[in-house]
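Taking it in order: structure first as structure tokens, then the write-up.
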């Protein structure tokens, strides 16, 4: 039951709501004591032959009034308790989602997407049940149980009550032991469901690759195995859950048997009236719900407890990126000085960057090239503050980038990643994602610079065209150019193109670079590329190799050096000319 202490922060904040709900349930429990008492009076008057039509109609009228009051009170506790549960669900979802947004790349490398989704859906639903159905069942069971026992003792017979409720402690102990077992089983089930959710998300995201490689059967079999594993975990819960009802029925049956023998003997001895015995049976019926509720309470509580622990564990994860509290929140603008002595990725002994130094004046263009795995993207990850743990210093506008808040610092940067993720919305909404208040004229200008405006004009719905999930309805080149337009909509001081021209043809690449040169005059641009034509007009080009700068200079200087850049340029030009000849 320690889940209630864990959720005490919410219950304290919503104490008025819960006070109303609990008071309502207490009032209902008292009302529920009256109909059995009235029925007992009717039976006794029938037995004495003193019942009249007026008395009978009055007593039936009282029962009808109590029924109507019961309905109204049920509405009140539902509104109070279930409304509180919905509010907790909303609060937890917001907090968890905000936590996800604040976490660093290491966090998302550690946890799978499907697992994080399961925490935000199934686990939160289980916790929500605790403060809704859980609180209801607990309070209602306790209040109904105590008031019923009170009525049994003071309205019927203390002796009969004491002798017939012997099974109750055994039921409580059984429910506690089953609850512990349920907690472990449900925790295993939630973990298996998270793995299944992650597998489904991964397969749907990679459906094109799966179908292109003809791996549908193999992927289905893999998914089927995980489904079977989840089913086995769920089946263990199904084995335990009925034991709550079975134990409740067993002990309730024992109570009825004791009542028949002991109560019947008391009636025969003349120490108890038939009407009171009938009332007692009705009270046992009222007591049936609390006894059944014990199992339901432990079920809900243990599920919620396991889920809350899982959520709480995630919420205590800390980002390695520490924001400055002394930032004036001004968006920076100026020169960039990049001096990294050494950088290693977390949990990796291999050095990713060594002695990478360059100074970039405001308004200049820097090209970064090199073979795959040379360290190009690592340079950008440090610049974007994806990782902060390195030896060295990155200074922007005369200030260490760690001394800026992420909100003000990243607003100065427009970034186009290799993976051009587009949202399932319109083209205009995707471009405006970085600045929702942008006008359509600004959207069209960004699209013009990215050389995608002509393509958009040919779509039937133009800028209102829905791109589909992850931009599935667009070509790779169109996706890249929309991503570029999205980065340009903020008019960033530094624009970073991380191999963002790889899917466009040579003419489109030339148009984009030409537009960037004239439309972004006075602003800084960093271009990472495999195709050297993308960086040939840069003020400086650095060639990366094994995490180090192996060559540097402008296009002509690097060709004259006849190193990696020279060889790669000649090869790419040869391939390009060969392609033109073949065409």
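Every number in this text was worked out from the coordinates using simple rules, so none of it is lab data. Remember, it's a predicted structure, so these values are computed and weren't measured experimentally. Cβ: placed from backbone, ideal geometry, glycine included. Neighbour counts: every protein chain shown.
Descriptive notes on the structure:
- Between the Cα long axis of helix 167-205 and the first principal axis of the chain there is an angle of about 20°, rounded to the nearest 10.
- When each of 197, 505 is scored by the number of other beta-carbon atoms lying within 10 Å, the sequence from fewest to most is 505, 197.
- Contour minus Cα-Cα distance for residue 159 and residue 437 (0.36 nm per residue): 92.4 nm
- Correct choice for mean projected area of the Cα convex hull in nm² that was computed from the model, options [x] 37.7; [y] 30.2; [z] 28.4: [x]
- Tilt relative to the chain, helix 135-151 - C-alpha long axis, 0 to 90 degrees, to 10: 10
- Alpha-carbon centroid distance for the pair the stretch 37-70 / the stretch 401-422, whole angstrom: 76
- Working from label points 7 Å from Cα in the Cα-to-Cβ sense, the residue 74 to residue 49 distance is 4.1 nm.
- Protection proxy ranking of 256-269, 383-396 - average other beta-carbon atoms within 10 Å, highest first: 383-396, 256-269
- Taking the number of Cβ atoms within 10 Å of each Cβ as an exposure proxy, the fewest-first ranking of 329, 119 is 329, 119.
- Label-point separation, residue 93 to residue 514 (7 Å along Cα→Cβ), nm: 5.0
- Modelled label reach - residue 268, point 7 Å along Cα→Cβ, the stretch 120-160 residues with backbone N closer than 18 Å: 160
- Principal semi-axes of the equivalent ellipsoid, √(5λ) from the alpha carbon gyration tensor of the stretch 3-315, are 50, 22, 17 Å from largest down.
- Each Cα pair under 8 Å and six or more residues apart adds its separation to the average, and for the chain the resulting relative contact order is 15 percent.
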